[in-house]
């Protein structure tokens with residue numbers, strides 16, 4: 001039996017969707033399972049034992065119709081028996097269609113349901129603390145009466161060599177296990193998912209004041225200027241704790257460094273999901289427009305905590321649609337002052353460091 005799982009979104013979505021492969025491995029232990037993802041997300045799922053092959057969807061397939069058609073022909077030649085499309089957009093619709101599989105499963109959308117032999121409606125309310133992001137993905141594999149009992153966590157797998165190299169790198173920069181090490185998710189993937197810079201600086205100041213920890217910044221290379229801006233508006237005492245130049249040159253390198261951290265604090269996004277997959281405690285600050293229950297995976301109030309503006313000022317969210325909140329995210333962020341959640345941050349750091 002040949003199975004194809006499709007998830008072409010961002011790192012957090014791809015990492016979370018590895019649980020589909022794990023569930024399929026449990027249900028069909030003798031099957032060949034392929035996982036189709038965008039090329040830039042491949043590093044986060046390398047070494048995962050729950051699928052046999054990573055199929056890369058390259059950027060050229062989006063830009064070149066001839067290249068896309070050639071890719072689709074290769075999919076057809078593989079002769080898949082079963083496709084789970086967790087992405088559900090035009091590209092994955094085409095891949096599913098070309099696969100020729102007898103079983104094709106995806107989430108329900110009125111305009112594409114005819115392409116699939118089975119569609120699943122997302123449940124908007126979680127039934128466990130795993131979040132709807134986890135539960136709805138499992139619904140693509142299991143019947144409803146098994147969801148709660150089949151909950152599993154996404155996992156990242158690193159080699160001993162990768163972990164040792166990261167440890168040596170940290171020690172060469174004066175960072176040892178003698179002091180706690182906190183990774184700061186200092187910037188979100190876009191402005192609408194990023195706590196205002198002056199507020200993030202205060203969060204970092206509070207983290208240092210509470211824990212006396214060493215601080216690392218997580219950001220991508222084109223965000224360095226913004227990360228530096230936040231660094232510059234932290235307190236001088238805080239700056240002495242920040243190792244701004246300790247920065248991984250690859251995603252795998254970042255993961256290996258993150259595996260040596262005692263906690264991650266900051267904006268919701270891929271870094272938070274990666275930390276959870278490495279079993280690192282997380283304190284997550286949600287954007288006003290992100291629905292917390294969809295992505296506060298395995299929150300327990302101790303090892304994993306999160307805060308959302310609606311926790312403190314629910315009146316700002318009355319009668320607002322998701323689209324309205326997304327459009328007003330920048331306007332809402334100024335209300336999300338760090339003093340609202342300093343007590344929660346303190347409790348988290350005291351518990352985990």
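Using a Förster radius of 56 Å, what is the FRET efficiency between residue 149 and residue 229 based on their Cβ-Cβ separation? Nearest 0.05, please.
The pair residue 149/residue 229 has a calculated efficiency of 0.75.
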Inset, instruction - State, as an integer percentage, the relative contact order of segment 2-150 based on alpha-carbon contacts under 8 Å between residues 6 or more apart. - result: 22
Legend entry - Gap separating the Cα centres of segment 155-197 and segment 310-353, nearest whole Å: 25
Inset, instruction - Would you mind checking the tilt of helix 197-211 against the longest principal axis of the Cα atoms of the chain, expressed as 0 to 90 degrees and rounded to 10? - result: 70
Legend entry - Gained length - residue 1 relative to residue 210, 0.36 nm times residue gap less alpha-carbon distance: 69.8 nm
Legend entry - Shape box of segment 1-82 [Cα atoms, principal axes, largest first, Å]: 37, 28, 16
Inset, instruction - Using only Cα atoms, figure out Rg for segment 2-150 and give it as a multiple of 2.2 N^0.38 Å. - result: 0.99
Inset, instruction - Inverting the mean 1/r over all pairs of different Cα atoms, compute the Kirkwood radius of segment 146-271 and quote it in Å. - result: 15.4
Inset, instruction - Above 34 angstrom, tally the Cα pairs of the chain and express them as a % of all pairs, no decimals. - result: 29
Legend entry - Potential lengthening between residue 327 and residue 176 on full extension [0.36 nm per residue; Cα-Cα distance subtracted]: 50.0 nm
Legend entry - q = 0.11, 0.12, 0.18 Å⁻¹: log10 I(q)/I(0) that the Debye formula gives for segment 160-352, counting C-alpha atoms only: -0.46, -0.55, -1.26
Inset, instruction - Using 0.36 nm per residue of separation minus the Cα-Cα distance, give me the extension gain between residue 76 and residue 320 in nm, one decimal. - result: 83.4 nm
Legend entry - Compactness of segment 224-270, expressed as Rg and Dmax over alpha-carbon positions, Å: 12.0, 31
Inset, instruction - With just the Cα atoms of segment 84-210, tell me how far they stretch along each of the three principal axes, in Å, largest first. - result: 57, 38, 32
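Normalised by the residues of the chain, what does the relative contact order come to in percent, with Cα pairs under 8 Å and at least six apart?
Relative contact order of the chain: 16 percent.
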Legend entry - Cα Rg, Dmax (largest Cα-Cα span) when computed across segment 169-225, Å: 12.8, 37
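If you average 1/r across every pair of different Cα atoms in segment 271-353 and take the reciprocal, what Kirkwood value do you get, in Å?
About 13.6 Å for segment 271-353.
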Inset, instruction - Please list 320-330, 204-214 highest first by mean number of surrounding beta-carbon atoms within 10 Å per residue. - result: 204-214, 320-330
Legend entry - Cα→Cβ-extended label distance, 7 Å offset, between residue 250 and residue 165, nm: 0.5
Legend entry - Contact order normalised by residue count of segment 160-352, Cα under 8 Å, 6+ apart, percent: 25
Legend entry - With Cα atoms, 0 to 90° folded angle of helix 160-172 axis to the chain main axis: 20
Inset, instruction - Give the distance, in whole Å, between the Cα centre of segment 1-67 and the Cα centre of segment 234-250. - result: 34
Inset, instruction - May I ask you to work out the translational diffusion coefficient for segment 61-130 at 20 °C, viscosity 1.002 mPa s, via Stokes-Einstein with Rh from the Kirkwood sum over Cα pairs, reported in whole µm²/s? - result: 162
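The numbers here are math on the coordinates, done by the rules we state, and not lab data. Since the structure is predicted, the reported quantities are computational estimates derived from the model, not experimental observations. No Cβ is skipped: glycine too gets one built from the backbone with ideal geometry, and neighbour counts run over all protein chains shown.
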